[in-house]
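Comments concern the structure below.
The values are calculated or read from the model by the stated rules, or taken from the named source; none is laboratory data. These figures come from a predicted structure and were not determined experimentally. All Cβ positions, glycine included, derive from the backbone under ideal geometry; neighbour counts span all protein chains shown. Heads up: the accessible areas ignore ligands, DNA and RNA and are worked out on the full protein's heavy atoms, side chains in. Shrake-Rupley method; radii C 1.70, N 1.55, O 1.52, S 1.80 Å.
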Amino acid sequence: MQLTLEFGGGLELLCDSVKIHKVNINFPNESDILTMKDLLSWVRTNVIKERPEMFMKGDTVRPGVLVLVNDCDWELSGQLDTTLEDKDVIVFISTLHGG
């Protein structure tokens, strides 16, 4: 499955300062469904290069990280249970900034 991952609001610094990642992800456990929970685990292992605790807390994103799936807030589509499809665009934006 091909996905586009975008990181902004400072989160790109955790990914070697690369904002946009075009990735190919295999389905977990021989399944044909990929959820946001699966994706976040994959991102932690394969995309985040430093300080993963700044991006994730437990198995979800930290409070203050806005997640959009195809420009729709993931809170409207099921958060961790959101099912992803080929060519989806997932955007992660930190809303936390220093003063």
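If I filter the stretch 21-73 down to residues being hydroxyl-bearing (Ser, Thr, Tyr) and at pLDDT 90 or above, which single residue comes out as farthest from LEU3 (Cα to Cα)? Steps first, please.
From the stretch 21-73, those hydroxyl-bearing (Ser, Thr, Tyr) are 31, 35, 41, 45, 60; that's our starting set.
Next cut, at pLDDT 90 or above only: 35, 41, 45, 60.
Working: THR35: 12, SER41: 15, THR45: 16, THR60: 19 Å.
Once the filter is applied, the top-ranked residue is THR60.
Residues of the stretch 61-99 being at positive phi and either touching a residue at least 60 places away in the same chain (Cβ under 8 Å) or hydrophobic (A, V, I, L, M, F, W, C) (or both), which ones?
Applying the first criterion (at positive phi) to the stretch 61-99 yields 64, 70-71, 78-79, 87.
Once the filter is applied, which keeps residues that are at positive phi and either touching a residue at least 60 places away in the same chain (Cβ under 8 Å) or hydrophobic (A, V, I, L, M, F, W, C) (or both), the stretch 61-99 yields only LYS87.
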Answer yes or no: is there a residue in the stretch 5-16 that is open to solvent by 20 Å² or more (accessible area, probe 1.4 Å), touching a Lys or Arg at 6+ places or on another chain (Cβ under 9 Å), at pLDDT below 95 and more than 18 Å from THR95 (Cβ to Cβ). yes
PHE7 passes all but one of (1) out of contact with any Ser or Thr (no Cβ under 9 Å at 6 or more places or on another chain); (2) not in a loop (DSSP other than H, G, I, E, B); which number fails? (1)
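Would it be correct to say that PHE27 is in contact (Cβ under 8 Å) with a residue 40 or more places away in the chain and not aliphatic (A, V, I, L, M)?
Numbers: in contact (Cβ under 8 Å) with a residue 40 or more places away in the chain: no; not aliphatic (A, V, I, L, M): yes.
Spelling it out, it is not the case that PHE27 is in contact (Cβ under 8 Å) with a residue 40 or more places away in the chain and not aliphatic (A, V, I, L, M).
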Please verify whether GLY58 is small (Gly, Ala, Ser) and in contact with a strand residue (DSSP E or B) (Cβ under 6 Å, 6 or more places away or on another chain), treating the condition exactly as stated. no
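For every residue, the table says whether it meets (1) more than 13 Å from the chain's Cα centre (by Cα); (2) of a type in the set (A, V, I, L, M, F, W, C).
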site: LEU5; (1), (2): no, yes
site: LEU14; (1), (2): no, yes
site: GLU50; (1), (2): yes, no
site: ARG62; (1), (2): no, no
site: ASP73; (1), (2): no, no
site: LEU96; (1), (2): yes, yes
